[in-house]
Amino acid sequence: IENFMSRIPKKNVNKRAIEALVKSGAMDSLENRRNLLEKIGEADPGLAGRLQWEREFLGLAVTADPLSTFDFVALGRDTMLNEIEEHVALSMEHLVTVGGEIMSKKELTTKTGKPMCIYTLRDESGSLSVTAFDKALRTSEYNVGDMILIRGTANSWNGEVNLIMNRAWLAIRPAPSV
């Protein structure tokens with residue numbers, strides 16, 4: 001990193017830019033990220049923290065896909081997100097269980113003043129909007145980055161396919177190592 005810093009004009013780079021490069025993994029080929037973090041006065045937050053930094057600075061996780069650490073089928077998933085559209089097209093209004101990572105969360109209030117939340121859930125096949133109304137929210141408060149399973153009904157609203165959450169739970173048992 002010292003070599004890199006000596007080659008870059010000081011007016012073109014500041015400490016914050018170097019932090020972003022290190023935290024995003026852009027300098028991993030120069031030296032171990034843990035060592036680079038120490039040199040800029042940061043602690044290594046572990047895999048979860050590194051993935052969060054990568055998402056913050058790059059928009060996606062590049063070190064590892066957090067989904068790969070969970071066996072969602074063993075935890076109860078019976079439907080992939082890319083299959084939900086087919087359920088709607090065939091007017092199949094039955095409960096499905098999906099699993100994945102929460103990518104975004106938007107808290108809203110219904111017209112009747114009750115809380116609701118719209119999550120974006122991602123699995124290996126894609127992403128889907130999940131709507132949780134008051135009853136489901138009372139037992140299910142999750143945040144971006146959480147790995148969860150959701151039991152719900154496939155739905156289409158204003159031409160957009162989504163899932164209406166009945167209940168949800170954390171995916172707490174990682175996949176066994178191979």
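When the Cα positions of L137, F4, L81 are compared along the charge dipole of the chain, F4 comes out farthest toward the positive end, with charges on each C-beta of Lys, Arg, Asp and Glu.
Taken one residue at a time, the phi angles of the range 143-156 give Karplus couplings (6.51, -1.76, 1.60, θ = phi - 60°) of 10, 4, x, 5, 9, 9, 10, 10, 9, x, 10, 5, 8, 10 Hz. Gly and Pro are set to x. The Cα-based radius of gyration and maximum Cα-Cα distance (Dmax) for the range 32-137 are 18.0, 58 Å. Computed on protein heavy atoms with a 1.4 Å probe, the accessible areas place L108, L163 in the order L108, L163, largest first. Backbone phi angles across the range 15-22, fed through the Karplus curve with coefficients 6.51, -1.76 and 1.60 (θ = phi - 60°), yield HN-Hα couplings of 4, 5, 5, 5, 4, 4, 5, 5 Hz in residue order; Gly and Pro are listed as x.
With contributions of -39500 (n - 2.57) from each DSSP H run of at least four residues, the per-residue ellipticity at 222 nm computed over the chain stands at -7000 deg cm²/dmol. Taking only protein heavy atoms and a 1.4 Å probe, the accessible area of the chain is 52% carbon and sulfur. Between 0 and 90 degrees, the angle of helix 46-58 with respect to the longest Cα principal axis of the chain falls at about 90 degrees.
Our analysis of the chain gives Rg over Rh at 1.10, with the two radii drawn from alpha carbon positions and Rh computed by the Kirkwood formula.
Counting only protein chain heavy atoms and rolling a 1.4 Å probe, the accessible areas of H87, H94 rank, largest first, as H94, H87.
Note on K106: aspartates and glutamates with a C-alpha under 13 Å away, same-chain residues under 8 apart excluded, are E141.
Relative contact order, whole percent, for the chain stands at 18, derived from Cα pairs under 8 Å and 6 or more residues apart. Residue order by solvent-accessible surface for K10, K105, K39, K111 is K111, K10, K39, K105, largest first, with ligands and nucleic acids left out and a 1.4 Å probe. In the full protein context, the chain carries 60 Å² of accessible surface per residue, based on a 1.4 Å probe and ignoring ligands, DNA and RNA. The convex hull around the C-alpha trace of the range 1-63, projected and averaged over every direction, spans 4.1 square nanometres.
The values are calculated or read from the model by the stated rules, or taken from the named source; none is laboratory data. Bear in mind that the values here come from a model prediction, so they are computed numbers and not experimental data. Methodologically, a virtual Cβ is constructed for each residue, glycine included, from the backbone with ideal geometry; neighbour enumeration extends over all protein chains shown. Surface accessibility is based on the protein's heavy atoms, side chains included, excluding ligands, DNA and RNA. Shrake-Rupley method; radii C 1.70, N 1.55, O 1.52, S 1.80 Å.
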